[in-house]
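Peer 1: Have a look at this one before I ask anything.
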There are 2 protein chains.
Amino acid sequence: MKDLHQYIEDNKDRMLSELFDLLRIPSISALSAHKEDMYKTANAIKVKLETIGVDHCEVMETGGHPAVFAKKTIDTTLPTVLVYGHYDVQPVDPLELWESDPFEPFIKATKNHPEGAIIGRGANDDKGQMYMHILAFEYLVKSGNLPCNVKFLIEGEEEIGSANLDNFIEKNKDILSCDVVLVSDTTMAGKETPSVMTGLRGLSYFEIKLSGPNRDLHSGHFGGAVINPCMAMCEMLSSLHDVNGKINIPHFYDGVIEVSPQERAEMAKVPFDPIRYNENVGVDYVNGEKGYSTRERCTIRPALDINGIWGGYIGEGAKTILPACAHAKVSIRLVPGQDPHRVNEMFINHIKQIAPKGTKVEISATQGAFPYVTPITDSAYVAASKALEMVYGKPAVPVRGGGSIGVVPMFEKFLGKKTILLGFGLDTDAIHSPNENYSLGQFFRGVEVIPYFYKFYAELKK
Amino acid sequence: MKDLHQYIEDNKDRMLSELFDLLRIPSISALSAHKEDMYKTANAIKVKLETIGVDHCEVMETGGHPAVFAKKTIDTTLPTVLVYGHYDVQPVDPLELWESDPFEPFIKATKNHPEGAIIGRGANDDKGQMYMHILAFEYLVKSGNLPCNVKFLIEGEEEIGSANLDNFIEKNKDILSCDVVLVSDTTMAGKETPSVMTGLRGLSYFEIKLSGPNRDLHSGHFGGAVINPCMAMCEMLSSLHDVNGKINIPHFYDGVIEVSPQERAEMAKVPFDPIRYNENVGVDYVNGEKGYSTRERCTIRPALDINGIWGGYIGEGAKTILPACAHAKVSIRLVPGQDPHRVNEMFINHIKQIAPKGTKVEISATQGAFPYVTPITDSAYVAASKALEMVYGKPAVPVRGGGSIGVVPMFEKFLGKKTILLGFGLDTDAIHSPNENYSLGQFFRGVEVIPYFYKFYAELKK
């Protein structure tokens, strides 16, 4: 693939122009007004894939926004890579904070990216990262270098939770069958620190209502004598961490797979600047579970957060009431070895048990995602790592992500296959925010890394 | 005053109709949108007082919502009673829990009040109770039975702490001069247990904002590593009580005047039915400071309550954020021996001290009221007790109230006079709550008791 780098150099303008056409379609999955834009985007991707030589491509119904499926089979004895991506984007508000129209992409040289960055909604997440795969595939077919079979699944509901994909994958597991799933929808440790994301946290999400008296009571007449549900909620929620920042629910950590000291040492090699980290989030001090670093606390360790809390009078001025009830939304990020269904049950039972006498608790689990991990011994991990080294000139490091991508554990569940999270985003890219951007350097290096992944993966699977 | 009872019987419908007109004006002092309604209500009261024969009446500026002042002097050698009441009402949310429009009052027969009760915001607190005084005065003037001089001070900021009344009373202490202050803005021990309230708790009220990161963060990417302000708020607030239900702030109880065992024994004689109490508030269990009875906990002991709490995502569904900040409204009821200014300072310092590193706290005291107590040997107390016995047919008992009426300690401070708390509310009246109501029996008995108070008080002061 000696001609790969030159091919990209020769086609840069055309490649960007094609991506820009895609970015101009406002495919916001959360807003029903954009329903037609979803089909428009899916069809544009289909046309492109057909032009560059897939055997078969169709826009498939999912029950929600459609998904694009395509495949090219060159030899059934060779391994098959399933590329997953999404063409839907986040809403754009607050619109006034954008430098220009979010759907009129342009290139701008910035402090972080003197070579230029693409500014626009979806520049990175995930149209930009997804399109690298289409361009890499184009090169491989055109140059005759395609070393394996490829399938594409480009969906339109990732930003709204991929709620229909569970059924879709289960129903279509035969056509989606593959040896590995390849996804570029995450970040890299740094522009000069190539990395592969080897894990994601899972998620349990709860809504709790704690009721006390049958109405808001006068706090003068009843205060001190009747249990205050807001105070009881605070007592319950604050009891969920112990003094060491550990989650204080019996048996919560049962089954958690501790990361080995060797792996922790490996992860600690990724540069981390605590001052820059604090500046970015706007705090002067961070804290969490004792015995773990900041990055470990938000990747390899579970975390329990209050996402929202409310009760009593929250309007202007003073109202002297003892509120009738209190509400909270609580999420728990899970790590390998934890099952959201088991955690849901454990948490619900625990909350019911600690709710004080004189109150009534209603609690439900509203979301669940399994944690996910790929061993660094997996041949696809090795291939990804080698491919990054080819282009970046240094070995890739394995990193864990703290978020959850619901579809990744689904591939494992229904297809029985691992996913390689080969993301080229950077944490300064403002995804989901105004002025989303994507470094041109990362974009073109991504287009260059992907063909090497196929090459090394096919070789390793021989 | 043989004709008093008949006068009330003959005028019931008209009396209620006048009160209903007043209840229809949404005079919510906490909400700035209702500013005009405050003037509208004050003017309606002025018109009524002028119609029934006061010498002078005016709507006076206070710096906040206006107050109505009126007087009738029949003989300067006779004692003067200053009637205090308020025309402002509490906000109405949660609106969905009201049976009907809070400002469209109606009569409904209930289990507690088979004779009927007025349902509506202000039915009891304090438009209903205040209007009893206007109707009693109407009778006394019309029948020629007025035995003393009367002044009225009907203010519009009681529900938001009477913050401007302090200055107002001090500035107008000459025109407000009197022998005793008479207030109906409290409850009676029971429908068949006439009582006079001899004490009130004081009040400190705080608004707290606890800030963490500079924006709502992705709870996957940051959860576990960055301090969650909602969780920190829960931890701070839950630390404010110890395991015995005592308020856990250093020196908080310094100076608190303990009620003697004899007084506690006397108070314990007032009937108290724990099953009925729990049924009324809709709980199966109550709890509070160890070593005190339910009634003592909400009258002679301080109490700290969360009146409202909010932070993060409180809409429909799940949003996985680590919120940027949390808010709470906290009240502390105070007892004799405590000074709200000292408690404000102590609480603010304590909260600042316990706010965890990595968060920023903003806290302000928004209200303050001194606690209050009247001796049962006071001639106005004796007159009130006799007046109640005339109508209820049994001796009145002295009780302590748990609420705060900020203005009562101000009358003592600036006018040097005691206040008689001759309340006719019942603890089932849902004041400050949806479906506030006021028994027709209590309303009309109140109109009947008040003229006897004037009579006995004038006789005792001869």
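What follows is calculated from the coordinates using simple rules that are stated; it is not laboratory data. Since the structure is predicted, the reported quantities are computational estimates derived from the model, not experimental observations. Using ideal geometry, Cβ is built from the backbone for each residue, glycine included, and neighbour counts are taken over all protein chains shown.
Peer 1: Along the charge dipole of the protein assembly as shown, which of B:H5, A:S184, A:S204 sits closest to the positive end, that is, farthest toward it, with unit charges on the beta carbon of Lys, Arg, Asp and Glu (+1, +1, -1, -1)?
Peer 2: Highest projection toward the positive end goes to A:S204.
Peer 1: Take A:N349 and B:E58, extend 7 Å from each Cα along the Cα→Cβ direction, and tell me the distance between the two endpoints in nm.
Peer 2: 7.3 nm
Peer 1: In nm, to one decimal, how far is the B:E389 label point from the B:K12 one, both placed 7 Å along Cα→Cβ?
Peer 2: About 2.8 nm separates the two model spin labels.
Peer 1: Got the relative contact order for chain A handy, in percent, Cα pairs under 8 Å and 6 or more residues apart?
Peer 2: That works out to 25 percent.
Peer 1: Further question: State the Kirkwood hydrodynamic radius of segment A:221-338 in Å, one decimal place, computed from all pairs of distinct Cα atoms.
Peer 2: In segment A:221-338 this quantity evaluates to 17.4 Å.
Peer 1: Where Rh denotes the Kirkwood radius from the mean inverse Cα pair distance, what is Rg over Rh for the protein assembly as shown?
Peer 2: 1.12
Peer 1: So if I take the centroid of the Cα atoms in segment A:274-311 and the same for segment A:193-239, what is the distance between those two points in Å?
Peer 2: Going from one Cα centre to the other spans 19 Å.
Peer 1: Sort shortest first the distances from A:Q353 to its counterpart in every other copy, using label points 7 Å along the Cα-to-beta-carbon line, and give them in nm.
Peer 2: Ordered by increasing distance: 3.5 nm.
Peer 1: So what's segment A:117-180 giving for Cα Rg divided by 2.2 N^0.38 Å, two decimals?
Peer 2: Relative to the 2.2 N^0.38 Å estimate, segment A:117-180 comes out at 1.36.
Peer 1: Below 8 Å between Cα atoms, with a sequence gap of 6+, how large is the relative contact order for segment B:44-105 in percent?
Peer 2: In percent, rounded to a whole number, it is 21.
Peer 1: Can you spot the lysines whose alpha carbon is less than 19 Å from A:K413's alpha carbon? Ignore those fewer than 8 places along the same chain.
Peer 2: A:K413 reaches A:K151, A:K171, A:K173.
Peer 1: Moving on. If I stretch the segment between A:I175 and A:D254 completely, what's the gain in nm (0.36 nm per residue apart, minus their alpha carbon distance), one decimal?
Peer 2: Residue separation times 0.36 nm, minus the Cα-Cα distance, leaves 24.7 nm.
Peer 1: Can you pull out the trypsin sites (Lys or Arg not before Pro) in segment B:275-351 whose DSSP state is coil and whose Cβ has at most 12 other Cβ atoms within 10 Å?
Peer 2: Passing both the DSSP loop test and the Cβ count: B:K290.
Peer 1: List the cysteines in the protein assembly as shown whose Cβ has no other cysteine Cβ under 4.7 Å from it.
Peer 2: For the protein assembly as shown, the answer is A:C57, A:C148, A:C178, A:C230, A:C298, A:C325, B:C57, B:C148, B:C178, B:C230, B:C298, B:C325, because their Cβ atoms have no other cysteine Cβ under 4.7 Å.
Peer 1: Count the DSSP beta bridges whose two residues both fall in chain A, then state the antiparallel fraction as a percent rounded to the nearest 5.
Peer 2: If I count the DSSP bridges inside chain A, around 70 percent turn out antiparallel.
Peer 1: Given R₀ = 22 Å, FRET efficiency for B:R342-B:V243 by Cβ-Cβ distance, to 0.05?
Peer 2: 0.30
Peer 1: Would you list, by chain and number, the lysines whose Cα falls below 24 Å from the Cα of A:K191, excluding same-chain residues fewer than 8 positions away?
Peer 2: A:K2, A:K12, A:K108, A:K111, A:K127, A:K269, A:K386, A:K394, A:K455
Peer 1: Let me ask something else. Every other copy gets compared here: list the nm distances from the B:G144 label point (7 Å along Cα to Cβ) to its counterparts, shortest first, one decimal.
Peer 2: Here the equivalent label points are 12.7 nm apart from this one.
Peer 1: Peptides A:350-357, B:423-430: what's the order by average Cβ count within 10 Å, highest mean first?
Peer 2: Final packing ranking: B:423-430, A:350-357.
Peer 1: If you don't mind, there's one more thing I want to ask. Taking the Cβ-Cβ separation of B:N112 and A:R24 as r and a Förster radius of 51 Å, what is the calculated FRET efficiency to the nearest 0.05?
Peer 2: Calculated transfer efficiency: 0.15.
Peer 1: Under a straight-distance cross-link criterion of Cα-Cα below 13 Å, which aspartates and glutamates are reachable from B:K360, leaving out those fewer than 8 residues away in the same chain?
Peer 2: Counting by Cα, and skipping residues close in sequence, B:K360 has these aspartates and glutamates nearby: A:D284.
Peer 1: Looking at B:A109, B:H65, B:V54, which one has the Cα that reaches farthest to the positive end of the dipole of segment B:37-110 (charges on Cβ: Lys, Arg +1; Asp, Glu -1)?
Peer 2: It is B:V54, whose Cα lies furthest towards the positive end.
Peer 1: Output ³J(HN,Hα) for segment A:309-314: one whole-Hz value per residue in order, computed from phi by the Karplus curve 6.51 cos²θ - 1.76 cosθ + 1.60 with θ = phi - 60°, and x for Gly and Pro.
Peer 2: Once rounded to whole Hz, the list reads 8, 7, x, x, 8, 10.
Peer 1: If I take R0 = 51 Å and measure r between the Cβ atoms of B:H218 and B:F272 in this structure, what FRET efficiency does the formula 1/(1 + (r/R0)^6) give, to the nearest 0.05?
Peer 2: Here the calculated transfer efficiency is 0.45.
Peer 1: Let me understand segment A:366-430 better: what is its radius of gyration from the alpha carbons, and its Dmax, in angstrom?
Peer 2: Both quantities, over Cα of segment A:366-430: 13.6, 45 Å.
Peer 1: Under 11 Å from the Cβ of B:G63, count the other residues' Cβ atoms, weight Lys and Arg +1, Asp and Glu -1, and hand me the total.
Peer 2: Net charge around B:G63: -2.
Peer 1: Extension gain B:D284-B:V47, at 0.36 nm per residue separation less the Cα-Cα distance, in nm?
Peer 2: In short, 80.5 nm is gained.
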